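The values are calculated or read from the model by the stated rules, or taken from the named source; none is laboratory data. Everything quoted here is computed from the prediction, not taken from an experiment. Virtual Cβ from ideal backbone geometry, glycine too; neighbours counted across all protein chains shown. These area figures cover heavy atoms from the full protein model, side chains too; ligands, DNA and RNA do not enter into them. Shrake-Rupley method; radii C 1.70, N 1.55, O 1.52, S 1.80 Å.
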Amino acid sequence: AVVSTQSTGAPTPGIAIAELRPDWTSGFVEWLLDLVNLSLNSAFGKHGRFWYRNLKGIATGGSLSVSLANIAVFYVLRCVIFDSGTVPEELVSLKRFVDDVTGIWAGTYRGFVKWSEFVNRQLALFGLSIKEKEDLSWKLNPPGTFTTFLDIKYSFDQDVGLVTDINIKPTDAQVYLNFSSSHPCHVFSSVVYSQCLRYKRIVSNGVTLIRRLQELKSCFVNSGYPPDLIDNIVKDVIGRKRNLASNVSKTTRPNEVLWVQTFGPATSDYISL
């Protein structure tokens, strides 16, 4: 059986390679593109007794789906917005993660609608579009209200500046590794710690953070975690400083002499040592 998926109409990887990696040899590019085509043509799925393959487009969840989507969206947005010489002055900032885009518009609502219509017309030349009503992809939030980007909601307050909060999608069941699962004890505490620290980094307001952590606690309790274990970790996380930077080790590793051996540790020569 053959399933037809919506074609993205995105530029081929060869165009992006030619413009962004001009130092790559033609032989290497041809070999790489052959591997990409092989991967896409080998994408099959099974449902029941039948196997399916793509007729057009790229299947979500494929090994190259995210990478190809990132290349395509980068190339198209560059052509439509940045290289077109029509970047409006009202567009203060624009940030992107694969196909999720957010930014700051310092202009009127009518001006934003006019610009968004222009972008959609240009995207149509590549066979792409940004939905306007079905999922509110084009959404302009007034100042002081939250804007969603990935797992973050952010807004700008006149008194405190940037305010951030956690964003839980409606499809997120927030089901974690069940406490009855056969894992070492430290694994469960690590799961709670990692989620609590994630909340600590994202949520900027202390009162909101405590409320969000209590909501998170109920999710872990539903997964069988002891309340005392969660409370101890939450208390520790709340007392920590809100560090948004990466941890850099201050210790230097001593010079190590690597021992390269031909045979494994089970060989008789190794055991005799």
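Quick notes on this structure:
- Only listed residue being of a type outside the set (Val, Ile, Thr) and at pLDDT 85 or above, chosen from Phe44, Phe50, Phe82: Phe50
- Residues (of a type in the set (Gly, Ala, Ser), assigned to a helix (DSSP H, G or I) and open to solvent by 50 Å² or more (accessible area, probe 1.4 Å)) located in region 179-219: Ser190, Ser194, Ser218
- Inside region 128-157, residues that are over 24 Å from the mean Cα position of the chain (by Cα) and either at pLDDT 80 or above or small (Gly, Ala, Ser) (or both) make up a count of 3.
- For region 1-37, filtering for residues that are surrounded by 10 or more Cβ atoms within 10 Å (Cβ to Cβ) and either of a type in the set (A, V, I, L, M, F, W, C) or modelled with pLDDT of 65 or more (or both) leaves 21.
- Scan of region 166-178 for residues that are free of Cβ contacts under 8 Å to residues at least 40 places away in the same chain and buried (at least 16 other Cβ atoms within 10 Å of the Cβ), ordered by number: Asn167
- The lone exception for Thr171 - which of (1) within 20 Å of the chain's Cα centre (by Cα); (2) in a helix (DSSP H, G or I); (3) of a type in the set (Val, Ile, Thr) it fails: (2)
- Residue check, Glu117 among the charged types (D, E, K, R), open to solvent by 60 Å² or more (accessible area, probe 1.4 Å), farther than 22 Å from Lys139 by Cα and in a helix (DSSP H, G or I): no
- Val163 within 21 Å of Thr147 (Cα to Cα), open to solvent by less than 80 Å² (accessible area, probe 1.4 Å) and free of Cβ contacts under 8 Å to residues at least 60 places away in the same chain: yes
- Among the residues making up region 38-50, a single one is open to solvent by less than 80 Å² (accessible area, probe 1.4 Å) and over 26 Å from the mean Cα position of the chain (by Cα): Gly48.
- Residue within region 143-150 that is out of contact with any strand residue (DSSP E or B) (no Cβ under 6 Å at 6 or more places or on another chain) and more than 30 Å from Glu117 (Cβ to Cβ) present: no
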